[in-house]
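The values are calculated or read from the model by the stated rules, or taken from the named source; none is laboratory data. Here the structure is a predicted model, which means the values were calculated and not measured. All Cβ positions, glycine included, derive from the backbone under ideal geometry; neighbour counts span all protein chains shown. Surface accessibility is based on the protein's heavy atoms, side chains included, excluding ligands, DNA and RNA. Shrake-Rupley method; radii C 1.70, N 1.55, O 1.52, S 1.80 Å.
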Amino acid sequence: MFFQIVHISGTTVYCICAILLWWISRVPRTNPGAGWWAGAILAAAVSRALLFALDGAGDPRTVLFAYGLFSGLEKTLLALGIVRFLKLPAGERWVRTAAGLFGGGLVLAWLSPALPLWTLRAALAGFNLGMLAFVAIACLRHCPTDTGPWLRVAAFFSGLLALHWATAFPLIEAFPGWRVTGLALGTVLVLVQYLALLACVLRQFQQRLMDAESKALDLAYFDPLTGLNNKNYLSKLFEQALVLATRPHHLVAVCYIDLDNFKPINDSAGHKAGDMVLQEVAQRLKSCIRSTDISARIGGDEFVVVATQLEQPDQVERIASKLLERLSEDIHIGGATYPLGASIGISLYPQHGDTLSSLIDAADTAMYQVKSTHKNGYALYDQSEPPERAAAG
């Protein structure tokens, strides 16, 4: 009765694992190892079903041949799945060659009545032991970082299964009762082995989701051309900047930067050169600001720098002067030199607004005051003065 329970439960669990692995393998961009492992454990279920159906009702040589054929197929597919999962092309030739030799030897031993039964057992045990040892060593030697812990579990249980196959037939000869006990033990070891492999695939799914989420955040908060933050990220961090500004004697400044002489570069040298100029401008902005400041690209050639933790208003002018000096330097790209400049408008929190939108609008107005005079300068927003009287640096 226990023998039947072991067979039925083992076959059922194997089939469930095969369905799970097959279903996962159908997901786009899934590691191909999952499909091979689905076929492997399905072959294990078939070998178990054949052993149960033919046990005691047929020739022992035929029973062992049928069981061994599908058991060897399972180990072959398992090893090929490891080769595909770990991307080991050299290992596939070895596995296929060994499987071909085993299959031929198994058929020859079955068709040769003169050969004793133990030759079939030795061929089956030797092949399965070799394949399981290959799986264990490959998992340990080529263990990737993301699935490392679960692959080590699979390697450990593959090693135990190799030991199990090395001792199974001698133990059955010495202790006939071990036939059922060993079968139950092997079922548990195989189940844990494939669950660990299933966990490896699921871990890769998890990593893919995390990478996709990270990429989505990059697209949502970063400008793909320059690598600077974008307006969404600026809005998200601005509230934190305001928290710092509520500390005694701390100010926040918004610098709205519009490049001068950029349109002629696009018109004469093309958009590719224009993109390279924007990338160089982004690098210059990064080199000018402090670690507590925020830089962002909010338009074609429009940038915003939020300077935080300022203690004196005159610090704003020093920051703007440094930005202007750096952005006014000629840009050298591909053997050509492009003159550049910048018009910078500045607004302060809370004097000129208490939201990011209002501060950007005020800084934008101050920037146009610079544009309307002589360009390549900076001005602090002053609502009381007409544009032509703005103080430009």
Long-range amide H partners of Cys143, meaning residues 5 or more apart or on another chain whose placed amide H is closer than 5 Å, are none
If each part is reduced to its alpha-carbon centroid, region 42-82 and region 308-375 end up apart, in Å, by 77 Å
From highest to lowest solvent-accessible area (probe 1.4 Å; ligands, DNA and RNA excluded), Lys215, Lys75, Lys87, Lys286 read Lys87, Lys215, Lys286, Lys75
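Pairs of lysines 8 or more apart, or on different chains, with alpha carbons under 15 Å: count those in the chain, would you?
Value for the chain: 4.
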For the chain the translational diffusion coefficient, Stokes-Einstein from a Kirkwood Rh over Cα pairs at 10 °C and viscosity 1.306 mPa s, in µm²/s, is roughly 60 µm²/s
Mean Cβ-within-10 Å packing, highest first, puts peptides 125-131, 271-277, 375-381 in the order 375-381, 125-131, 271-277
Taking Leu209, Leu77, Leu278 and ranking on accessible area (1.4 Å, protein atoms only), highest first, one gets Leu209, Leu77, Leu278
Net charge (Lys, Arg +1; Asp, Glu -1) of residues whose beta-carbon lies under 15 Å from that of Ala125, Ala125 excluded, is +1
Carbon plus sulfur, as percent of the 1.4 Å-probe accessible area of region 132-249, comes to 67 percent
Residues whose built amide H sits under 5 Å from the amide H of Leu228, excluding neighbours closer than 5 in sequence, are Asp223
TM-like helix rule applied to the chain (DSSP H, alpha carbon span at least 15 Å on the long axis, mean Kyte-Doolittle at least 0.0) gives 2-25, 33-54, 60-86, 89-111, 117-141, 148-174, 178-221, 231-245, 356-371
Note, region 290-295: 3J(HN,Hα) by Karplus (6.51, -1.76, 1.60, θ = phi - 60°), whole Hz, Gly/Pro = x, goes 8, 5, 8, 8, 10, 10
Given a 1.4 Å probe, the accessible area of region 8-160 per residue, as a whole number of Å², is 48 Å²
